[in-house]
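Chemist: There's a structure below that I have some questions on.
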Amino acid sequence: MSLKKKIVDFFTRKSQVVEGGGEKAIQKQKGMGKLTARDRIKAILDDGSFHEYDLFVEHKCEDFGMDKKQLPADGVITGTGTIFGHPVCIYAQDFTVAGGSLGLMHARKITKIMDHAIKLGIPLIGINDSGGARIQEGVNSLAGYGEIFYRNTLASGVIPQISVILGPCAGGAVYSPALTDFVFVVDNISKMFITGPEVIKTVLGEEISMEELGGARIQNEISGNAHFFAMSEAECFEQIKKLVTYIPWNNGKKADPFPVKPPDPTTDIASIIPEDPRQPYDVRDIIRAFSDDSDFFEIQAMWAQNIVIGFARLNGKTVGIVGNQPLVLAGVLDVDSSDKAARFIRFCDSFNIPVITLVDLPGYLPGVDQEHAGVIRHGAKVLYAYSEATVPKITVILRKAYGGGYIAMCSRHLGADFVFAWPSAEIAVMGPEGAANIIFKKEIQGAKDPDAMRQAKVQEYTEKFANPYIAAANGHVDAVIEPEETRDYLLHSLSIAIDKSELRPKKKHGVPPF
Ligand code: HXC
């Protein structure tokens, strides 16, 4: 065959595979408001940057009539490309081909691109749209999932791993995302569950829709499995592109610097905290007041809202921010907010992103529910994550820093490099009311007017302890600063901590309270 004919033959073969599951299946996919796998990859990557591999891989299954079934590209598209010039490895499951189900060759295409990502040290993006293990391939499908989970774990903390859920994802199709760093979902399109509605009906006799069981809102607001929520695939892809600009390619690098843009000069940072210490405020206003371009890229914004996590930039460099949110439950630490903060701190530490902690909390959330849900175990994750982290750690105490909350929120004692406090800081074992009731119990009970005595004792305690000066006098706080000085202190601290390196006792790995 002449080269010309061979090229024509190649195009014929290629066009058959590129069609995926065929026009009917593609129209069904589009009818559900979903893009095709190839269009998704194109929409995320820089124009013309996608380079596909393993287009002609075929399944090897011969059971259940599979020997007569052709599954183009075995239902998954893999390759490399760039986002704003940053290289990424990417795969997208093609639901038009056997429901994007995962057989052994499909899995091997994914593990091959994962191996590339790990060896080349570049982020991995996985677009999941799959009915899970391909039933006809039996144990081979399970083997395929196992090989993916193994690599997700090897890659953890080495390269950033991003998962996108863009369809009904069942079984193994959600466990791989659960092992990755960021999970993106889209309203009405994404569903995640281990056991679907059919199984629940059979085993438990309960009727539930896929949306109610594991829709995008459920995964953002209730389970905390997802990190980003979008109303459309287009919005989701913009979120992914933005995220990629904040994170480094791998754990040996730092995130690329960005052009420096100062925060909005009209914001009065000192006026954000209300005069009355019992009144709430939005900690995100404080973050925006000192961040470049007044921009804060929030993560898991809909879950465990009593803590806020996300990325910002200071003089063009990425920082991770953890802040108690007084607007929700007074910013207490509880089971979910502890999980949320601890995981984020570990991500930042793995990828050389300094952590800035903003403190304003009355402590851990009291109650039987929390105790029985394991607030001891979950709360300990925050202690562990901060103590373990060796990236620059800077803490700013804005207002309340009571009891265990004071210690947990990256205090000097857990290894903070710099601890600053605003004059509004109240650093004490507990709030004035609780403290006065305990230590002045006898005086209050014995007084002619117990209420007046209680008020007097609360006042006495407040004057003595509800300030940052005892902590400053003991060196637990490095400087009491004016709110307007916050950006300057953060920039200076970051600039001198740039080459920070901290050695830890040699070990294989720790045993965190997972
Ligand atoms: C083989 C599958 C498949 C699967 C879907 N298909 N899931 N083929 N194995 N797991 C095929 C269908 O037969 C159909 O093929 C096409 O994909 C589209 O599926 P539909 O059912 O028509 O689509 P829809 O109504 O949108 O429903 C999607 C779905 C449903 C919710 C995902 O297909 C479903 O429930 N699938 C099974 C989910 C599941 O239980 N998977 C196993 C999980 S266990 P045709 O030829 O008709 O177009 C697992 C083990 C690993 O993953 C666990 C690790 C911890």
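Chemist: How would Ser271, Ser424 rank on accessible area, largest to smallest, probe 1.4 Å?
Modeler: On the way: Ser271 75, Ser424 45 Å².
Ranking Ser271, Ser424 by accessible area, largest first, yields Ser271, Ser424.
Chemist: Calculate the length of the line joining the C-alpha centroid of region 422-494 to that of region 177-208, in whole Å.
Modeler: 47 Å
Chemist: Still on this model: Using a 1.4 Å probe on the protein heavy atoms, what percent of the accessible area of region 169-236 belongs to carbon and sulfur? Each step should come with its number before you reach the end.
Modeler: Values: 1770 of 3040 Å².
So the carbon and sulfur contribution to the accessible surface is 58 percent.
Chemist: Let me ask you something else. Sort 20-28, 33-41, 482-490 by packing, meaning the average of other beta carbons within 10 Å per residue, with the highest value first.
Modeler: Details: 20-28: 15.1, 33-41: 20.2, 482-490: 16.9.
Descending mean neighbour count gives 33-41, 482-490, 20-28.
Chemist: Considering only protein heavy atoms and a probe of 1.4 Å, how much of the accessible area of region 456-514 is carbon and sulfur, as a whole percent? Mind showing how you got there, number by number?
Modeler: Working: 2320 of 4110 Å².
Ligands and nucleic acids excluded, carbon and sulfur give 56 percent.
Chemist: Under the classification rounded if a/c is under 1.5, otherwise prolate if a/b is larger than b/c and oblate if not, where does region 268-348 fall, given a ≥ b ≥ c as square roots of the Cα gyration tensor eigenvalues?
Modeler: Numbers: a/c = 2.45, a/b = 1.02, b/c = 2.39.
It is oblate, given that a/c is not under 1.5 and a/b is not larger than b/c.
Chemist: So what's the net charge close to Ile159: Lys and Arg +1, Asp and Glu -1, counting the other residues with Cβ under 12 Å from its Cβ?
Modeler: Details: positive: Lys119, Arg151, Lys253; negative: Asp115, Asp181.
Residues close to Ile159 contribute a combined charge of +1.
Chemist: Once the whole set of protein chains is in place, how much accessible area is left on Trp303, using a 1.4 Å probe, in Å² to the nearest 10?
Modeler: Rounded to the nearest 10, the figure is 20 Å².
Chemist: Compute the Cα gyration tensor for region 54-158, then decide on rounded, prolate or oblate, letting a ≥ b ≥ c be the square roots of its eigenvalues: rounded whenever a/c is under 1.5, prolate when a/b is larger than b/c in the other cases, and oblate in all that remain. Working shown, then result.
Modeler: Working: a/c = 2.44, a/b = 1.72, b/c = 1.42.
Cα axes put region 54-158 in the prolate bin.
Chemist: Also, I was wondering about something else. Given the convex hull over the Cα atoms of the chain, what projected area results after averaging over all orientations, in nm²?
Modeler: For the chain, averaging the hull's shadow over all directions gives 30.0 nm².
Chemist: So, one more: Can you pull the percent of region 339-447's accessible area that's carbon plus sulfur, 1.4 Å probe, other chains left in place?
Modeler: Values: 2470 of 3980 Å².
C and S fraction of accessible area: 62 percent.
Chemist: Please report the antiparallel percentage of the DSSP beta bridges confined to the chain, to the nearest 5. Walk me through the intermediate numbers first.
Modeler: Details: 23 of 63 bridges.
So the antiparallel bridges amount to about 35 percent of the total.
Chemist: Sort region 1-105 into rounded, prolate or oblate with this rule: let a ≥ b ≥ c be the square roots of the eigenvalues of the Cα gyration tensor; rounded if a/c is under 1.5, and if a/c is not under 1.5, prolate when a/b is larger than b/c, oblate otherwise.
Modeler: Working: a/c = 1.63, a/b = 1.14, b/c = 1.44.
It is oblate, given that a/c is not under 1.5 and a/b is not larger than b/c.
Chemist: Give me the 1.4 Å probe accessible area per residue for the chain, excluding ligands and nucleic acids, in Å².
Modeler: Values: 23910 Å² over 514 residues.
Per-residue accessible area for the chain comes out at 47 Å².
Chemist: Taking the full set of protein chains and a 1.4 angstrom probe, give the accessible area of Met302 in square angstrom, rounded to the nearest 10.
Modeler: 50 Å²
Chemist: Using the crude model of +1 on Lys and Arg Cβ and -1 on Asp and Glu Cβ, and no other charge, please compute the dipole size for region 131-229 relative to its Cα centre, in debye to 20.
Modeler: On the way: 5 positive and 10 negative charges, 53 e Å.
The dipole magnitude comes to about 260 debye.
Chemist: For His86, tell me the accessible area in Å² from a 1.4 Å probe, rounded to the nearest 10.
Modeler: For His86, the solvent-accessible surface is approximately 20 Å².
Chemist: To continue, here is another question. Which value at 222 nm does the chain reach when only helices count, each DSSP H run of 4 or more adding -39,500 (n - 2.57), with the total divided by all residues and rounded to the nearest 500 deg cm²/dmol?
Modeler: Numbers: 20 runs with 202 residues, N = 514.
Only helices count here, giving -11500 deg cm²/dmol.
The values are calculated or read from the model by the stated rules, or taken from the named source; none is laboratory data. All figures in this text were calculated on a predicted structure; none of them were measured in a lab. FYI the Cβ positions are ideal-geometry reconstructions off the backbone, even for glycines, and counts take in every protein chain you see. Areas reflect the complete protein model, heavy atoms only, side chains present, ligands, DNA and RNA absent. Shrake-Rupley method; radii C 1.70, N 1.55, O 1.52, S 1.80 Å.
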